[in-house]
Each structure stands twice: as C-alpha cells, then as structure tokens.
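Nothing in this text is a laboratory measurement; each read-out follows from the coordinates by a stated rule. Since this is a predicted model, take the numbers as computed values, not measurements. Don't worry about glycine lacking a Cβ; one is built from the backbone with ideal geometry, like all the others, and counts go over all protein chains shown.
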Amino acid sequence: MAQSYKVFIGGSVLHIGNEAGNPTVFNTKLTNPKAADWSELITKMETSTASVFISGNTETNWQNFNANYKLIEAAGGLVQNQSSEWLFIHRNGMWDLPKGKLEPNESVEECAVREVAEECGIEEPTIEKPLTPTYHTYELNGKRILKKTYWYLMKSSDTSELVPQTEEGITEVKWVSAEKAKLLAASSFGSIREVIMEGL
C-alpha cells in the first residue's frame, strides 16, 4: 500500500494519500491542490473541526503541505509497568504521554527512552516495539511547526515514586489502568488517542 499521511491540525484532521484506509467521513475532498492553495486550506483547518482528504500525487501533496511548516522531530513512549498500568503525564492542562525533541546525533530510540525517564523521574524503560509515528501542528513564535513524533511501546520495572519534570511544564505523573488510560485518551490530543488505541 502506498504511503499515506495523517496530520492533526488544531481540531481538524488532514489525510494525504490515495486511500483513506479508515471509515472517516470527510467534510472536504480535494485532488492535487496547487502549492499556492495550501496556506488558505491550512488556515481554515486551524480554525475549524474539518476532516480533509487529499488525493492524487501523494508525495507532491506532502511536499507542498510541508512547505508551510518547519519540521521538528520528537520521540516518546507508551509505557507499561509490571502491574499492567500505563504511564501518563499532565502538562498544559491536558493528560499526555511523555515525549520530547531529538537532540543532535541522538537516535529516535535513545530520545524516546531519555525523554520518558527525564519527564517522569523513572529509570530508563526498555523498548518493546515501535508504534506508528504521529504528526501534529502548532504555532511557535509566529511560525507554523509540524511535529513528527516517533512512538514506542515500552516496559518499566521502576517502582520508585514518580517525579514530574516541572521545568517542562509537567505538573503530575501517574500510572493508570487500561480503562482509565482510554478515558484520559478520549479527552487528550488526537495524536495521543491514536497512540494509546494502537498500544492498548
């Protein structure tokens, strides 16, 4: 199957590919938008809850979309402990999963393990398997940012007290049951929901 892309833009979702691959009902379907039309389309998505499907030349469409953003790569983890509980952080008023930006000369696996350990105050977890990367956008200092996050399913045997990395805006870290994880996911970011549903 050809490469396809799914990007969370505010409350909207953008699919770029030739097959939706899921039962989503799309508000808007476009084929090969011109490069000049992307900025207007993105602006509309940033201020609405649209679901947009772009078909045609996937790689050209992806390049034209990317031209509107600065790409930042990050990595993080969905971590399970020996009691089959899942690790969550609370940051900027939302329940989230630990993740952070890649440092120079760091592999995505090293980044994911380091960020989880730093943000939650635990020993470095072990990677079980990779999960599907996610894309989401935000604005920083007046510039549009596209963040690609590489995710890993991880295991932790650390039973020490969790310590939130407060300098990163994290106010709480806790282990929760699978049922509770699904509830927290429902009110979290779209990209986080995807990771949790795939991992659980």
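The listed peptides 30-36, 71-77, ordered by packing as a protection proxy, come out as 71-77, 30-36 (highest mean of other Cβ atoms within 10 Å first).
Does the range 5-66 come out rounded, prolate or oblate, given a ≥ b ≥ c as the square roots of the eigenvalues of its C-alpha gyration tensor, rounded meaning a/c under 1.5 and, failing that, prolate meaning a/b above b/c? The shape class here is oblate.
The mean sequence distance of close C-alpha pairs (under 8 Å, at least 6 residues apart), as a share of the length of the range 23-124, puts its relative contact order at 21 percent.
Provide the gained length on full extension for the span Ser107 to Lys129, in nm with one decimal, where the gain is 0.36 nm per separating residue minus the Cα-Cα distance. Mind showing how you got there, number by number?
Working: separation 22, 0.36 × 22 = 7.92 nm, distance 1.50 nm.
Computed gain between Ser107 and Lys129 is 6.4 nm.
Pairs of Cα atoms nearer than 8 Å and 6+ residues apart set the relative contact order; for the chain it is 22 percent. Result for the chain in a Gaussian network model with C-alpha springs under 10 Å: among Glu110, Glu179, Glu118, the largest mean-square fluctuation is at Glu179. Does anyone have the angle between helix 108-120 and the longest principal axis of the chain? Alpha-carbon axes, 0 to 90°, nearest 10? Here the helix axis deviates by roughly 60 degrees.
Only the Cβ atoms of Lys and Arg (+1) and of Asp and Glu (-1) were treated as charged; on that basis the dipole of the range 5-66 about its Cα centre amounts to roughly 80 debye. Computed from point charges on the beta carbon alone (+1 for Lys and Arg, -1 for Asp and Glu), the dipole magnitude for the chain about its Cα centre is near 900 Debye.
If you take every DSSP beta bridge fully contained in the chain, what fraction is antiparallel? Give it as a percent rounded to 5. The partial results should precede the final answer.
Working: 30 of 52 bridges.
Approximately 60 percent, going by the DSSP bridge assignments.
Each stretch of four or more DSSP H residues adds -39500 (n - 2.57); spread over every residue of the chain, this sum gives -7500 deg cm²/dmol at 222 nm. Take the alpha carbon gyration tensor of the range 97-200, find the square roots of its eigenvalues, order them as a ≥ b ≥ c, and report rounded if a/c is under 1.5; if not, report prolate when a/b exceeds b/c, else oblate. Verdict is rounded for the range 97-200.
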